[in-house]
1. Taking the Cα-to-Cβ direction at residue 264 and at residue 213 and moving 7 Å from each Cα, how far apart do the two end points lie in nm?
2. Distance from the Cα centre of region 1-63 to that of region 171-201, in angstrom?
3. May I ask what percent, to the nearest 5, of DSSP beta bridges between residues of the chain are antiparallel?
4. What's the angle, to the nearest 10 degrees (0 to 90), between helix 73-84's Cα axis and the longest principal axis of the chain?
5. Suppose only helical runs count, i.e. DSSP H with n ≥ 4. What mean residue ellipticity at 222 nm does that imply for the chain under -39500 (n - 2.57) per run, divided by all residues and rounded to the nearest 500 deg cm²/dmol?
6. Say we join alpha carbon atoms closer than 10 Å with springs in a Gaussian network model of the chain; which of 112, 72, 131 then has the biggest fluctuation?
7. Give me 103, 50, 249 sorted ascending by neighbouring Cβ count inside 10 Å, so fewest comes first.
8. As a footprinting exposure proxy, order 200, 265 by other Cβ within 10 Å, with the fewest listed first.
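All of the numbers you see were taken from the coordinates with simple rules; none came from a lab. None of these values were measured; they are calculated from a predicted model. Glycine also receives a Cβ, built like all others from the backbone with ideal geometry; neighbour counts cover every protein chain displayed.
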């Protein structure tokens, strides 16, 4: 860093926050946003997330030093491959997708030799979407995972790590497979469980919900199409995580059937211990 031109494909919450952080921290001299609605690009520019916008991918990447793809996971690989053929030699490409194995494998199959891709996933965000929710401090002291493989250029890995650190992140390196197994437990299965819990609530009980139910189901408000793509791309690891969750629920169910206070307290203490360790 610093970069000449940073191009962000998808200027919603994550992409908009990247742009704001990059501009405020002077990580890039120029930030270009790519989107599919002119109104979204106009809003992102008005909010200071980008300097200019484009409805087309090709002209937005031809002068880029770094391109970050912040689109739904099922779109990222094809967009990277489309952009790569129009990039200058040495251009660095990365993403912010919540899954990594499928994305990285598909990109590495067809990536031109003169550009470099490094998978990334900032562990930040919310159930909200759109540049109006962007925050330049979104990545401050938050973990970003980067997922190089044996095929990844070492210099590119270092540059991507520098980029995320420049935005305030702490960076961890993991393989794409390690990332997906971990996120299945820490993000993807929790979203599925929250959606299941919210989905069984009868409409007539809505007024009886308080902070407990609302806190437990907050993430279920996330975009269904976005999350369907994530769940499908990481379905094997999520299936294993859901099975572990069901085993724990079965332990609770068995304790209830036996009327065992000691078993219930032990299970509740186990959950409390982990939750307390997370902090606020």
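1. 2.0
2. Here the answer is 28 Å between Cα centres.
3. Around 10 percent antiparallel, to the nearest 5.
4. With rounding to tens, the tilt is 10 degrees.
5. That calculation yields -15500 deg cm²/dmol at 222 nm.
6. 112
7. 249, 103, 50
8. Values: 200 7, 265 12.
Listing 200, 265 from fewest to most nearby Cβ atoms yields 200, 265.
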